[in-house]
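These notes are about the structure you will find just below.
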Amino acid sequence: MAGKAIQGPHITSRACADPGQGGLVQSAAFAHPTSYSPLHRPWLPVPGPIVLKLARHTFFNLLGLGAPLLFALVSIPVLVRVLGPERFGLLTLIWAVTSYFGLFDLGLGRALTQQLAITLDRKEDGQVGPLSATALALMAALGLVGGALMMALAPWGVDLIKQLPDRQEAINATLVMGLAMPFIVLTAGLRGMLEACHAFEVLNYIRLPMGLWTFVGPWLVVLWRGPDLFTITVALAAGRVLACAVHGWLAWRALPQLRGRLRLQRAWLRPLLVSGGWLTLSNLVSPFMGYVDRFVIGASVSAAAVAFYATPQEIVTKLWIIPGALTAVLFPAFAAQVAKQDGSAWGLFDRAVATLFVVLLPITAALALFAHELLGWWIGPEFARQSGPILQVFALGILINCLAHVPLTWLHGAGHFRAPALLHCAELPLFVLALWLLSARWGLMGAALAWLLRMLLDSAALFALVWRERGGAAGAAAKHGMLVPAALALLAFAGLGLGSAAWRAAWLLMVLAAAATMAASLYRASRPSH
């Protein structure tokens, strides 16, 4: 395992200003003192004030990330119907490529959040400006490179897709997103600055309309101009540019330490690039594995087949907003707590895993048990026949993968960037091989099974890395604590064998009861003893 990320120079600092209210935002969620120490059974629940603050910030994140999905329920069927399977499949590919190249910051966004969280927690103000300016300058340059690369590869990438409705339209749409790429990369850094000082409320003032525009923009375009993929892409790109500007304004207000101190400083290059260098591997390899299955299907079957595969995948991966909302809050907390060797970080870790499981198990079980009914009601019976079994596989995989967000966040917060990056590099050839073999034999279902196998391998490895870090009694207790949730998850998904909808509904009620029991137990365990 790699050691902690190298720290840059430090001086002294103030707290972050709240850009929305003019007050102060604590530079960490754990500002309250705690009785825990590295020697005091750190796997026990953390004190109440910390949990309440984390819960409040997580709620704001869930609101900003989740509200747009309500509009997606209305807009996606319209987009599928008006654009047709081919153009909608292309739109999902453009979203995928944009997300992939949007990670062209070489991990600097995540590295900036980690370093800035530590700097603010130590109240070392003089380096906030140099750190931020150096990171943002690097990210702007990398965004330009990523955009230019995306534009240069547009004709080649489009030619890989079979049965295109309009080749030039697809190329032009890709060129537009390439122009927006520097703004997309810069937004990641500016958002990381706001997360480092826990300005989650104001951050979601942007996230909510930005997320809505992802679906509202294409929906308005198809109502106005019909199936025009180029205009849809222009609308999406314009939204990203505006979001970047607003992020910059809020970061300027949230961090008064930036005023008069925005200058490049060579001393910050090494800590940023050491952390970001390993994150680059994850940021290139992991998203590639997340989207390569769509391109394999598009190249071997058709663009329409991508829609049957990508739509259930988009449904389940939207559940990432739940661990994403939580881990965005946990990341700066883990970074600062581990840096000062605060053992209560393990309490945050255990509580996060347990909470995610309790929340996600009923949701994923419902998606799996009623996959055909949900897709049939939402889009149509023929679509449900093709995509229903795929959704069931994805539902199980996303439950496993969402839990793995916590160990990955802890490793990154602790400065252990190398191990997850090397893990993803090792997974890549295995996943591509499994994807090729299984999709060749079983088509869309084979690709879904390859995706599920990757989720299992990745999650097991990440938890194993964290358990190794904990060691001793804490590591052993954590391993044994996973047995009951694993058994309950297997029992929940065993209900797929029930043919009757009534029996499946009864089975889901049993799962809900079990999850409620676990939630009550978790709540009792978190209450302070008197």
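The values are calculated or read from the model by the stated rules, or taken from the named source; none is laboratory data. Please read these numbers as outputs of a predicted model, since none were measured by experiment. Using ideal geometry, Cβ is built from the backbone for each residue, glycine included, and neighbour counts are taken over all protein chains shown. In case anyone asks, the SASA skips ligands and DNA or RNA and just uses the protein heavy atoms, side chains included. Shrake-Rupley method; radii C 1.70, N 1.55, O 1.52, S 1.80 Å.
What distance in nm lies between label points placed 7 Å from Cα along the C-beta direction at LEU73 and LYS123?
Computed distance between label sites LEU73 and LYS123 equals 4.8 nm.
Heavy atoms only, 1.4 Å probe, whole protein assembly: order TYR309, TYR291, TYR523, TYR205 by accessible area, highest first.
TYR523, TYR205, TYR291, TYR309
Rounded to the nearest 0.05, what FRET efficiency do SER500 and LEU522 give with R0 = 35 Å and r taken as the Cβ-Cβ distance? Could you check?
Result of the calculation: an efficiency of 0.60.
Given the protein chains as shown and a 1.4 Å probe, how many square angstrom of TRP219 are accessible, to the nearest 10?
The accessible area comes out at roughly 70 Å².
With every protein chain left in place, what is the accessible area of THR409 in Å² (1.4 Å probe, nearest 10)?
My reading of the accessible area for THR409 is about 10 Å².
In nm, to one decimal, how far is the GLU314 label point from the TRP156 one, both placed 7 Å along Cα→Cβ?
With each label point 7 Å from Cα toward Cβ, the separation is 2.7 nm.
Using the Karplus equation 6.51 cos²θ - 1.76 cosθ + 1.60 (θ = phi - 60°), what ³J(HN,Hα) coupling, rounded to whole Hz, does each residue of the range 136-147 give in order, writing x for Gly and Pro?
3J(HN,Hα) across the range 136-147, in whole Hz: 5, 5, 4, 5, 4, 5, 5, x, 5, 5, x, x.
Assign one of three labels to the range 394-459, namely rounded, prolate or oblate, based on the Cα gyration tensor with a ≥ b ≥ c the square roots of its eigenvalues; rounded applies when a/c is under 1.5, prolate when it is not and a/b is larger than b/c, and oblate otherwise.
Since a/c reaches 1.5 but b/c is at least a/b, the shape of the range 394-459 is classed as oblate.
Give the relative contact order (percent, whole number) for the range 345-426; include only Cα pairs under 8 Å separated by 6+ residues.
31
Between ASP166 and LEU433, what length in nm is gained on full extension when 0.36 nm per residue of separation is reduced by their alpha carbon distance?
93.0 nm
Tell me the label-point distance for the pair CYS425, LEU264, using the 7 Å Cα-to-Cβ offset, in nm and rounded to one decimal.
Taking the simple label geometry, CYS425 and LEU264 are separated by 2.8 nm.
Ordering ASP121, ASP293 from largest to smallest accessible area (1.4 angstrom probe), what's the sequence?
Heavy-atom accessible area, descending, gives ASP121, ASP293.
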